[in-house]
Structures are given as C-alpha cells and as structure tokens.
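Engineer: After the structure tokens below, expect a handful of questions from me.
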Amino acid sequence: MGAAVGAEPGGKSVNVEVNIVPFIDLMSCLTAFLLITAAWVNIAQINIQPKGKTRDTSDVQIDDERIVLSVLVQADRIWVGLSRVNEFQEIAKKPDGTQDWDKLESTLKEHKANLFKDRNDLEIAGESTLQQPVKYQDIIQAMDIALKVECPACPVRKFYDVGLSDPMGLSARPSL
Amino acid sequence: MPVHPAGPRLFSSIKFKHLVRRSGSTSAAGTRASNISLNLTPFVDMMTILVAFLLMVFSSSKLLQVQAGLELPIAMAKGKLQDTEAVIIITKSEITFKGEMIATVDSVLRDESPTYRIERLFERLEAAARQIKIDVEMGKIPKELVTACDDLKNNKRPGPDQPLCPDGLAILQADLVTDVRVINKVVVTAKAAGFDNLLFAIKNK
C-alpha cells in the first residue's frame, strides 16, 4: 500500500509506503475480542407477578369479587376456568401427545373478546406431580400465549398482567 | 539438547528460483527480487467490515450470568431482559442465588414443609430485598429507573415495555426441564421475601 504525496515532474518519486502491519494487528485483536464477547443468543424476559392465595396460612388474602380468568396446566391437559361462576373448559392433549396450544390461544381470545374486554389480568398455574411432572417450558409456553393474545377492538387489547399462581391458590380451580 | 550449526534455510541454501522468477518483481540491481508482495487490500477490507459489524452487535451492558448446562426455555416474547441484582438460577440439579449454592433440586422436591418455602433462599432473598430497598431510597439507582421507582411508590403500574424499579424485582433463570413444583416454591419464596415482580429469562426462537 502506498501514498503519492506529490511527485515532482521529472524528479524522484515521493511515494510513501504506509506500514499497515500495526493496523492489521489491531484489527485482528479487536476482531478476536469482539467475537469472544459477542452475545449470539437473544435473551428476553417475561414479566410476571406472583398471584393467588399462598399456602402460608399467615398470609391472609381478601377474596376478589371480580371474575378471574385462570389457566391450569397439567401434564395431560389444560384447564381454562372462570372464578365465581365456576365455569371450566378442558383442553385435552393432541393425538401426538403434545399440549394443544392453538386451542388454548383461541379459548383465551374468546374470553378476552367477551368477559375480559377491559381487563388485562390473568392467572396461570402449573400442577406437577411425581407421576405426572409438568415442565417449566410448558408454563412459559402458556404465558407466552397469554401475552400474545390480542383483541384489537377491545378497550384493553392484551393481557399485560399475567400472574403465576400456586395451583392450590388458583382463583378458579377445577375440582377433580 | 546439543547445539548444532544451522542447517540449510529457504532463500539462503535453497534458492527457490522458480518462485522468485514467478514473482515478477525485479530488484534495483536488475536481478530478480525474492520479495513476493501479497495484496493485503481485500484482507483489510474484510477485517474492517467484520469489525464494524461486531461493534454494532456488541453490547456493553452486563452480560447475564452463564451457568454450565443451563438451557433457557424458548418463547416469542421480545422484551429485552432488564438487569437487576437479584438473580435466582435453577439448573437441572441445583438452585443458586448470586452465585451461592442454596439447595439441590432433589432436596427441594422432597421437602414437604407447610410454608411451601425454601428457607435458605428466603433468608438470602430477604436480605437482598432489604439492601435493594435501601439503595433505592438513597437514590443509588440509574437515572432512567428513577421515574419507574416514583411510579411504584404511587402504585402506578409501568407499561409493558417500560423499565421496572429494582425494588422487589428479581430475575429467574431456570432450565426448561425444571419441574414446575420447584418453580412454584421459588416463586412463593420470592414473594414472601418481598420480590413481587419476577422476570423469567427466556430464549427467543
């Protein structure tokens, strides 16, 4: 690499050779450093508030007079329930053995458009047992769907206030 | 190891005349020059572009604590993970808080205490919550979080994409196969210790 810094006509060429070795060294070090420190995995967040009644008897809770939309994720099905009116909808697993997340989404959409037009709260709980464990990924999937559900015509478009509850403290819990 | 006289070396004993001929450059004396000039321009171009790209994607913020073998659950939610001091990590085998091992997952699953809490975690979380509260009251928080903390004092909920006040805020990083019973116990414990806002760390699809 050279730089012509004004050659005189008929005279000696005054091309200057720029030493690019330090530049390449610097670039190589910088590239290596940035490659090592780069975060390739995109980590995001789901914000939740712990909800529902706790099992701790010292923590006395006042009963809410409003209807609460509750989702209970079990190993083999999902329950969507409404407190006070005690209405429950069962979403069974698909024939391939996976949870029917599409059905959960459509059910939540229906509730959002009908009873929860101006509400943004919802409760989710996962009920796991030694015989039928529920994985954390299933709860995250349910929360993700709840946060995604949208009703464009409603005064409050989405469920922004998604809470995780203890299964025993869920506002609407199906009696099995 | 004994020292031997130097053996034959390239361009000294072994002339590589064919390479010198091909190089095409001649020395000032008229003889063929042995210097082979590499064209470094494409290399420098590529390096510059690569450095520019990496600088663009570089994040100077504190990186999330990485735990070996921890696989975060996958979700579509896009909210960027907010940084906070209280980080609870649940791997396949153990629960840690601020890098300190609290309990094993098996022991938590076996424990049938009526309070449904993890007592050791409760103690650590309560101390951390107290410290964070003092820091917030003394104004030891980034400027952009002051409004969020003022809103919290006035019981005003922040919007979906707004930053949250560190008071009562904790991050939960749990492995995707963790039993929900462990998550429930950690959430109950965190709530009892004063953490009313939990950020579940997830991986985007």
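The values are calculated or read from the model by the stated rules, or taken from the named source; none is laboratory data. As the structure is a prediction and not an experimental result, all values here were calculated from the model. Virtual Cβ from ideal backbone geometry, glycine too; neighbours counted across all protein chains shown.
Engineer: In this structure, does residue B:90 turn out to be crowded, with 17+ Cβ neighbours inside 10 Å and more than 10 Å from every other protein chain (Cβ to nearest Cβ)?
Structural biologist: Considered against the rule, which asks whether it is crowded, with 17+ Cβ neighbours inside 10 Å and more than 10 Å from every other protein chain (Cβ to nearest Cβ), residue B:90 comes out as no.
Engineer: Write out, first by first residue and then by second, each pair whose Cβ atoms fall under 6 Å of each other, whose residues are 6+ apart or on separate chains, and whose first residue, in region B:153-174, is in a loop (DSSP other than H, G, I, E, B) while the second is aromatic (Phe, Trp, Tyr).
Structural biologist: Every condition considered, the pairs that remain are B:160/A:160; B:168/B:195.
Engineer: Can you tell me how many residues within region B:93-129 are modelled with pLDDT under 90 and either surrounded by 19 or more Cβ atoms within 10 Å (Cβ to Cβ) or among the polar types (S, T, N, Q) (or both)?
Structural biologist: Summing the residues that are modelled with pLDDT under 90 and either surrounded by 19 or more Cβ atoms within 10 Å (Cβ to Cβ) or among the polar types (S, T, N, Q) (or both) in region B:93-129 gives 4.
Engineer: Please go through (1) part of a loop (DSSP other than H, G, I, E, B); (2) of a type in the set (D, E, K, R); (3) under 18 Å from the mean Cα position of the chain (by Cα) for residue A:96 and return the number of the only condition it doesn't satisfy.
Structural biologist: (3)
Engineer: Let me ask something else. Suppose we keep only residues that are β-branched (Val, Ile, Thr) and not in a loop (DSSP other than H, G, I, E, B) within region B:78-102. Which one would you say is nearest to residue B:177 (Cα to Cα)?
Structural biologist: B:90
Engineer: Let me ask another. Just to verify a result, which residue in region A:134-159, among those that are surrounded by 17 or more Cβ atoms within 10 Å (Cβ to Cβ) and part of a loop (DSSP other than H, G, I, E, B), is farthest from the other protein chains (Cβ to nearest Cβ)?
Structural biologist: The residue in question is A:151.
Engineer: Which one of these is in the same structural domain as residue B:182 (by TED's automatic domain parsing), modelled with pLDDT under 85 and buried (at least 16 other Cβ atoms within 10 Å of the Cβ): B:64, B:81?
Structural biologist: It is B:81.
Engineer: For region B:64-87, name all the residues that are facing chain A (nearest Cβ under 7 Å) and in contact with a helix residue (DSSP H, G or I) (Cβ under 6 Å, 6 or more places away or on another chain).
Structural biologist: The answer is B:73, B:75, B:76, B:77.
Engineer: Any idea which of B:148, B:174, B:193 is of a type in the set (Gly, Ala, Ser), more than 10 Å from chain A (Cβ to nearest Cβ) and within 30 Å of residue A:129 (Cβ to Cβ)?
Structural biologist: Selected residue: B:193, the only one of B:148, B:174, B:193 that is of a type in the set (Gly, Ala, Ser), more than 10 Å from chain A (Cβ to nearest Cβ) and within 30 Å of residue A:129 (Cβ to Cβ).
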